[in-house]
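Right, one structure below, let's go through it.
The values are calculated or read from the model by the stated rules, or taken from the named source; none is laboratory data. Predicted model only: the values in this text are computed from it and were never measured. Don't worry about glycine lacking a Cβ; one is built from the backbone with ideal geometry, like all the others, and counts go over all protein chains shown. Note: areas computed on protein heavy atoms with side chains; ligands, DNA, RNA excluded. Shrake-Rupley method; radii C 1.70, N 1.55, O 1.52, S 1.80 Å.
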Amino acid sequence: MKLMFEVADRVKRLPPYLFAEIEKTMKEKKAQGVDLISLSIGDPDFPPPPVVIEALKEEAANLKNHNYSLSQGESDFREAVADWCKKRFHIDISQGEVIALLGSKEGLANIARAFVNAGDHVLVPDPSYPVYYNGGTILNDGVPVSMPLLQENGFKPDFEEVHPEKVKMIFLNYPNNPTSATVDKKFLKQAVEFARENNIILCYDNAYSEISFDGYKAPSILEIDGAMDVAVEFHSCSKTFNMTGDRIAFAVGNKQLISGLAKVKSQIDSGPPVYIQKVAAKALATYKSDKPPAFLKENNKIYAERRDVLVERLCKLGFMCDKPKATFYVWLNCGSSSIEFAAKLLSAGVVVTPGIGFGEHGENYVRFSLTQPKERIFEASKRIAGLLGCAVAA
Ligand SMILES: Cc1ncc(COP(=O)(O)O)c(C=O)c1O
């Protein structure tokens with residue numbers, strides 16, 4: 001007898017996986033021995049800084065660091081987060097306003113699990129990191145309401161156009177994935193006012209706050225007066241310290257929101273490994289002021305050089321593309337179906353992410369990740385030029 005097990009309705013409501021076709025072609029190309037240049041995934045190619053590796057050796061070797069950790073995070077880690085927030089953003093945070101996360105991804109999904117009831121509306125930027133829509137909203141029986149991020153508005157939502165009825169939660173993310181847009185405090189003030197006036201929980205994803213160039217410094221929403229009443233901000237060691245696989249991040253903000261998240265997590269997982277929290281605390285302590293430590297400055301310098309190579313070459317090919325001030329992404333208006341454009345690039349061994357995978361308003365765009373050496377990015381641009389039949393000066 002063959003039994004059938006159907007997934008739950010909420011799982012059926014997840015959108016189809018659009019990258020399946022691209023992944024299939026990638027596999028075929030690899031099997032044919034094609035030299036693929038992957039500018040698709042947002043995973044830094046840099047190693048963690050030496051301070052992390054040294055701390056990892058020491059803390060992992062300490063036999064006391066292998067027991068369960070506290071759900072909300074170890075006290076020294078939360079203290080290190082509060083110190084970092086003070087140095088980096090000049091904000092005062094207490095330990096009760098911090099929670100350790102197994103990566104910010106689970107935190108973004110679990111915060112909705114803690115506060116969104118079936119049928120509640122959740123405002124989701126479009127395009128955006130898919131977790132807000134899927135893991136956060138759909139898997140918690142919420143109703144995602146798209147907020148278009150349009151190029152003419154600097155990829156920021158227009159709060160005047162948003163209907164706040166039935167809305168329980170809003171997600172915002174700057175520096176932004178995938179558009180690489182940045183914001184100033186004026187915009188953050190509008191966001192806080194909107195959330196306060198409408199009694200909406202504001203989840204601010206600041207995963208890329210430390211990846212910035214040309215003097216731009218990403219603000220925290222918690223720097224805005226009144227933000228602590230409505231907001232929780234998510235940070236991650238993934239991009240800042242190149243620790244994507246170590247799964248360590250944290251959320252900071254309104255105590256009620258942090259407690260709700262802790263309550264959910266205590267029933268689902270345990271805190272991140274004690275030794276990883278200790279390592280992350282040492283990494284955060286490399287900040288001596290609001291300026292990034294030397295290794296981060298160096299990484300950002302390299303990202304900026306890669307960005308310059310890619311953007312300058314794309315402009316020579318006739319595309320309109322600005323140099324982003326933050327994140328390691330370049331968001332290109334390719335002027336046609338994003339799936340078709342990505343498939344065309346893939347035929348030359350260049351892997352990019354089709355914008356439609358980030359939402360309806362990502363159509364006609366593709367995302368390049370600057371997570372390959374400059375020479376590979378240059379080679380990718382040569383292949384694109386070849387595809388388009390353009391000769392580009394070196
Ligand atoms: C905007 C954004 N937020 C959060 C994350 C999740 O990062 P992590 O779970 O590694 O902390 C990512 C990862 O790509 C991201 O792009």
Checklist entry - In debye, nearest 20: dipole of segment 16-97 around its Cα centre with unit charges on the Cβ of K, R (+) and D, E (-)? => result 180 debye
Next on the checklist: Using +1 at the C-beta of Lys and Arg and -1 at the C-beta of Asp and Glu, which of 319, 241, 60 has the Cα lying farthest in the positive direction of the dipole of the chain?
Outcome noted: 60
Next on the checklist: Let me check something: with ligands and nucleic acids excluded, how do 374, 166 order by accessible area (1.4 Å probe), largest to smallest?
Outcome noted: 166, 374
Next on the checklist: At R0 = 30 Å, how high is the FRET efficiency between residue 23 and residue 153 if r is their beta carbon distance? Nearest 0.05 is fine.
Outcome noted: 0.40
Checklist outcome for this item: Answer in debye to the nearest 20: the dipole magnitude of segment 241-325 about its Cα centre, from +1 Lys/Arg and -1 Asp/Glu charges placed on Cβ, is 140 debye
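For the cross-link pairs 30/344; 291/325; 86/374; 288/323; 29/374, which exceed 26 Å when the distance is taken from alpha carbon to alpha carbon?
Going by Cα-Cα distance, 86/374; 288/323 fall outside the 26 Å limit.
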Checklist entry - Relative to the longest principal Cα axis of the chain, at what angle does helix 185-197 sit, 0 to 90 degrees, rounded to 10? => result 50 degrees
Checklist entry - What is the calculated FRET efficiency for residue 291 to residue 41, with r their C-beta to C-beta distance and R₀ = 35 Å, to the nearest 0.05? => result 0.75
Checklist outcome for this item: Among 74, 210, 375, the residue with the largest mean-square fluctuation in a Gaussian network model of the chain built from Cα contacts under 10 Å is 375
Checklist outcome for this item: Given Cβ charges of +1 for Lys and Arg and -1 for Asp and Glu, the option among 384, 200, 8 whose Cα lies farthest towards the positive end of the dipole of the chain is 384
Item to check | Nearest-ten-degree value, helix 75-89 long axis tilted from longest Cα axis of the chain | outcome: 60 degrees
Item to check | Surrounding net charge for residue 108, when Lys and Arg each add one and Asp and Glu each subtract one, Cβ distance under 12 Å | outcome: -1
Item to check | Listed pairs 24/297; 27/265; 57/239; 87/168; 185/301 exceeding 29 Å between Cα atoms | outcome: 24/297; 27/265; 87/168
Item to check | Antiparallel bridges, percent of DSSP beta bridges restricted to the chain (to nearest 5) | outcome: 45 percent
Checklist outcome for this item: From DSSP H assignment alone, runs of 4+ in the chain each adding -39500 (n - 2.57), the sum over residues rounded to the nearest 500 puts [θ] at 222 nm at -11000 deg cm²/dmol
Checklist entry - What residue among 241, 155, 187 has the largest mean-square fluctuation in a Gaussian network model of the chain, using Cα springs under 10 Å? => result 187
Item to check | Chain lengthening between residue 337 and residue 197 when straightened (0.36 nm per residue, less Cα-Cα) | outcome: 46.5 nm
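Within 10 Å, count the other beta carbons around each residue, average over each peptide in 32-38, 335-341, and list them highest first.
335-341, 32-38
Would you mind working out the magnitude of the charge dipole of segment 327-386 relative to its Cα centre, with +1 at each Lys and Arg C-beta and -1 at each Asp and Glu C-beta, to the nearest 20 Debye?
260 debye
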Item to check | Most mobile of 268, 170, 221 in a GNM of the chain (Cα contacts under 10 Å) | outcome: 268
Checklist entry - Around residue 145, what is the net charge, scoring Lys/Arg as +1 and Asp/Glu as -1 over all other residues with Cβ under 12 Å from its Cβ? => result -2
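Quantify, in whole percent, the carbon and sulfur part of the accessible surface of segment 100-174 (1.4 Å probe; protein heavy atoms only).
C and S fraction of accessible area: 49 percent.
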Checklist entry - All other residues with a Cβ under 11 Å from the Cβ of residue 180 taken together, and with Lys, Arg as +1 and Asp, Glu as -1, what is their net charge? => result +3
Checklist entry - To the nearest 10 degrees, how steeply does helix 274-284 sit against the main Cα axis of the chain, on a 0 to 90 scale? => result 70 degrees
Next on the checklist: Sort 259-267, 110-118 by the packing proxy (mean of other Cβ within 10 Å over each peptide's residues), most packed first.
Outcome noted: 110-118, 259-267
